[in-house]
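Below is one structure, written out as structure tokens, with a few remarks after it.
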Amino acid sequence: MALLPILRYPDPRLHTRAAPVREVNDEIRQLVADMAETMYEAPGIGLAATQVNVHQRVVVIDTSEDKSALLALINPEIIARSGEQVCEEGCLSVPGIYDKVSRAETVRVRALDQQGKTFELDAEGLLAVCIQHELDHLEGKVFVEYLSQLKQTRIKGKLAKKARITA
């Protein structure tokens, strides 16, 4: 396994739409393992392949306290959603920035597992938010784009200043 570099907002590569995975093979399973290691190390609860500059429809999520419930979603799609919830979100590609975003309260997602088998999952609460957040990445959208133009400009400025300080 290997730690992968995470792209930082406003990197234009974060706006790339991910292509469907053609075949779930050892290469994809290795990507899942590397993404999981990267997510846990960061630390985070979700990571989309787009965030590590791999533009394929692969997501890893683990909302458990003890990092024991890794969920890999390959070619995921939300097939149903209902309700509404507003949660504070953060993102490994936008470090140190948190803000409230409105999302569906429950979602049903269809995806492939690491063996290439189709499955469906009903999610609510934090898991539902995380799924929607990560699937946005696969579409080339970062959570801060739900915020006002003013907030987006401030976030870009804050991140640019932080990058200059650490450089």
Defining a contact as two alpha carbons under 8 Å apart and six or more residues distant in sequence, what relative contact order in percent does region 68-128 show? 34
Computed for region 91-167: size of charge dipole around the Cα centre, +1 on C-beta of each Lys and Arg, -1 on C-beta of each Asp and Glu, debye to nearest 20, value 700
Can you give me the C-alpha center-to-center distance between region 110-160 and region 30-77, rounded to a whole angstrom? 12
Rolling a 1.4 angstrom probe over the protein heavy atoms, how many square angstrom per residue are accessible across the chain? 53
Using a 1.4 Å probe on the protein heavy atoms, what percent of the accessible area of region 1-142 belongs to carbon and sulfur? 47
Relative contact order for region 1-151, counting Cα pairs under 8 Å that sit 6 or more residues apart, in percent: 26
Relative intensity, log₁₀ I(q)/I(0), of region 41-167 from a Debye sum that treats every alpha carbon as a point, q = 0.19, 0.23 Å⁻¹: -1.12, -1.50
Mind checking which helices in the chain clear 18 Å along their axis (Cα) and have mean Kyte-Doolittle hydropathy of 0.5 or more, DSSP H runs only? 125-138
Tell me the relative contact order for region 1-77 as a rounded percent, counting alpha carbon contacts under 8 Å between residues six or more apart. 32
Backbone HN-Hα couplings from phi across region 45-51 [Karplus 6.51/-1.76/1.60, Hz, Gly and Pro as x]: 10, x, 7, 9, 4, 3, 5
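The values are calculated or read from the model by the stated rules, or taken from the named source; none is laboratory data. This structure is a prediction, so every number in the text was calculated from the model and none was measured. In this analysis, Cβ positions are derived from the backbone assuming ideal geometry, glycine residues included, and neighbour counts consider all displayed protein chains. Only protein heavy atoms, including side chains, enter the accessible area calculation; ligands, DNA and RNA are left aside. Shrake-Rupley method; radii C 1.70, N 1.55, O 1.52, S 1.80 Å.
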